[in-house]
Amino acid sequence: MERSVRPDHDALIWEGAIEVVHGPDGSRPWRLPYSKIELFPTESLRAHAAMCAGVRIVFDTDSTTVAGSAAAPVDQVLSPVDLVVDGGAAMSTRVDEDGRFQFSGLPAGRKRVELWLPQYGDFRLLSLGVDERSEIWRPEHPPRPRLLVYGSSITHCRDALSPTQTWPALLASEFGADLTCLGLDGQCHLDPMVARVLSARPAELIVACLGINVHGNGSYNSRSFLPTVLGFLSTLRDGHPDIPIVVLSPIVSPSRETKIGRADLTLADIRSDVHRAVQILQNVGDATLHAVDGRDILGPDHAHLLYDGIHPNAEGYKHMARQLITTLRTLNVINQPQPHPAAR
């Protein structure tokens, strides 16, 4: 037998969400502040911020089963759900057509479980289920470095195998970090209000992936892009005066390198301006800002991992994670938690 647990139960910690909205039609985590959603007027931005990339529900339990009921999927793009027990290897399953999912055969006794929600698709949780006579407890976490990631579809990672197999999740796992992922498919346009969200979110490390959506959509031109990057990064720095900020320019996209986008910039131009912005800010005193060439993370020698010439496949995201782990270790940017300036 199974007993139902409400998504707003006090024992459940929703990690990786900016806000969680609980209501009669289910609980939805938001990766932008829903209470101020009017500040983010683009419908597509809102739709992707309502997806659960990097969001997980964490609790302790002695149940040998963890199940759930969600609003029935409205299409076939919903990513899997993963379960991690005591930091071990992830188990993965799909939400069925009735909105049900279940993990069985968990070890007996009290354990820490992390339920990673689908990184892509429309997901609203109605309830969780555990063994009828089991208990759930609110977990106590030791302090962990907080990793904040911003980017495009290449950070949202729709085509990763499952939510724990995105490159941001793999980074967080490697470094024992508390992840907040603002990978927003098609919506990485350096919005000033998104920059303010990033600035206000406590973090020990920010990784910002900039440029590919600007090329594809013509968001900025040769006059406006560089100043916009400078302003965006300066807003992040206002909220995080001391932490490392790693700026990743676009990974390789062979067909776009010399192709002028909707404005007057090639992808090579955009990459150059991203690096130029970092250099300018370093020149005026930002000692903990770093630039990484995206081609060092996924370059021409691995272009076969781009299934459409732009987006990595599942193995491509794992490759990006491996390269970024090496790069971040070399930069020595993983630090222990410090009070956010707003809390000092």
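What follows draws every value from the coordinates through simple rules; no lab data is involved. The shown structure was predicted, so the numbers you read here are calculated from the model rather than taken from an experiment. Reconstructed Cβ throughout: ideal geometry from the backbone, glycine too, with neighbour counts over all protein chains shown.
Numerical summary
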{"item": "At q = 0.12 Å⁻¹, base-10 log of I(q)/I(0) for region 2-137 (Debye sum, equal scatterers on each alpha carbon)", "result": "-0.45"}
{"item": "Antiparallel bridges, percent of DSSP beta bridges restricted to the chain (to nearest 5)", "result": "70 percent"}
{"item": "21 Å Cα-Cα reach of residue 318 towards lysines, excluding residues that sit fewer than 8 places from it in its own chain", "result": "none"}
{"item": "Compactness of the chain - radius of gyration and Dmax, Cα, Å", "result": "20.0, 64"}
{"item": "Within straight-line cross-link reach of residue 259, aspartates and glutamates at Cα separation under 13 Å, skipping those fewer than 8 residues along the same chain", "result": "269"}
{"item": "Per DSSP, loop trypsin sites (Lys or Arg not before Pro) in region 47-137 with at most 15 further Cβ within 10 Å", "result": "94, 110, 133"}
{"item": "Ranked list, fewest to most other Cβ atoms within 10 Å of each Cβ, for 60, 191", "result": "60, 191"}
{"item": "Rg to Rh quotient for region 194-344, alpha carbon positions, Kirkwood Rh", "result": "0.98"}
{"item": "Selected from 88, 116, 127, residue furthest toward positive end of dipole (region 83-135; charges at beta carbon)", "result": "88"}
{"item": "Longest segment of the chain lacking GluC sites (Glu not before Pro) that sit in a DSSP loop with at most 14 other Cβ atoms within 10 Å", "result": "141-344"}
{"item": "Using θ = phi - 60° and Karplus 6.51 cos²θ - 1.76 cosθ + 1.60, couplings along region 176-185 (whole Hz; Gly, Pro as x)", "result": "x, 9, 8, 8, 10, 10, 9, x, 10, 3"}
{"item": "The chain: DSSP helices with Cα axial extent of at least 18 Å and average Kyte-Doolittle hydropathy no lower than -0.5", "result": "225-239, 267-283, 314-331"}
{"item": "Listed residue (35, 52, 23) projecting farthest to the positive dipole end of region 1-104, Cβ model", "result": "35"}
{"item": "Mean Cα-pair separation over length for the chain, i.e. relative contact order, pairs under 8 Å, 6 or more apart, %", "result": "16 percent"}
{"item": "Magnitude of the charge dipole, the chain, Cβ model with Lys/Arg +1 and Asp/Glu -1, debye to 20", "result": "620 debye"}
{"item": "Positive-end residue, the chain charge dipole about Cα centroid, Cβ charges, pick of 275, 211, 5", "result": "275"}
{"item": "Computed [θ] at 222 nm, deg cm²/dmol, the chain (DSSP H ≥ 4; -39,500 (n - 2.57); rounded to nearest 500)", "result": "-7500 deg cm²/dmol"}
{"item": "Exposure proxy ranking, count of Cβ atoms within 10 Å, fewest first, for 320, 193, 1", "result": "1, 193, 320"}
{"item": "Estimated dipole of region 146-339 in Debye, rounded to 20 [Cβ of Lys and Arg +1, of Asp and Glu -1, Cα centre]", "result": "140 debye"}
